[in-house]
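The values are calculated or read from the model by the stated rules, or taken from the named source; none is laboratory data. This structure is a prediction, so every number in the text was calculated from the model and none was measured. As a convention, Cβ positions derive from the backbone with ideal geometry for all residues, glycine included, and neighbour counts pool all protein chains shown. Ligands, DNA and RNA are stripped out before the accessible areas are found, and what is left, the full protein with its side chains, is counted by its heavy atoms. Shrake-Rupley method; radii C 1.70, N 1.55, O 1.52, S 1.80 Å.
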Amino acid sequence: PITPGELLCLGSSLAFSGLFYYLYRRKARVVARIQEAPKLQVDDDLPGLVSAAEGRCLPYVALEGIVLPAQAALTSHYHEGLQGVIQKLLLKEHRLIWNSLARSW
């Protein structure tokens with residue numbers, strides 16, 4: 001005989017397994033799209049490609065070329081000879097609207 005507690009544990013285990021498998025498959029599709037991304041060179045043709053694209057946006061594109069730092073390149077403390085730069089970030093805040101029914105922003 002199976003107790004209700006065992007059924008509850010089995011059901012919740014199956015539900016969590018299904019949820020995690022769904023999340024895994026969704027992320028695996030994103031990784032596959034990134035790995036299949038076309039590689040473009042940073043040159044004078046790039047602005048024309050971006051403006052000709054739908055919505056003036058190129059989703060999942062690998063850019064190859066030389067990048068110059070604005071001030072000084074960052075050097076790695078863990079790998080000798082490895083340098084990098086920081087991408088300029090854009091933070092977009094969405095306007096908050098008070099929801100009086102839920103009493104939240």
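Of note:
- Filter result for residue 92 (surrounded by 10 or more Cβ atoms within 10 Å (Cβ to Cβ) and of a type in the set (D, E, K, R)): no
- Hits in segment 17-33 - residues which are open to solvent by 100 Å² or more (accessible area, probe 1.4 Å) and not basic (Lys, Arg): 20, 21, 22, 24
- Subset of segment 1-16 (residues that are assigned to a helix (DSSP H, G or I) and open to solvent by 70 Å² or more (accessible area, probe 1.4 Å)): 4, 6, 7, 8, 9, 10, 14, 16
- Residues of segment 34-66 satisfying the condition of being loosely packed, with under 12 Cβ neighbours inside 10 Å, aliphatic (A, V, I, L, M) and not in a helix (DSSP H, G or I): 42, 62, 66
- Residue selected from segment 18-33 under the condition of a type in the set (D, E, K, R) and either outside any helix (DSSP H, G or I) or modelled with pLDDT of 95 or more (or both), by the criterion farthest from the chain's Cα centre (by Cα): 25
- Hey, residue 87 modelled with pLDDT of 85 or more, out of contact with any Leu (no Cβ under 6 Å at 6 or more places or on another chain) and open to solvent by 100 Å² or more (accessible area, probe 1.4 Å) or not: no
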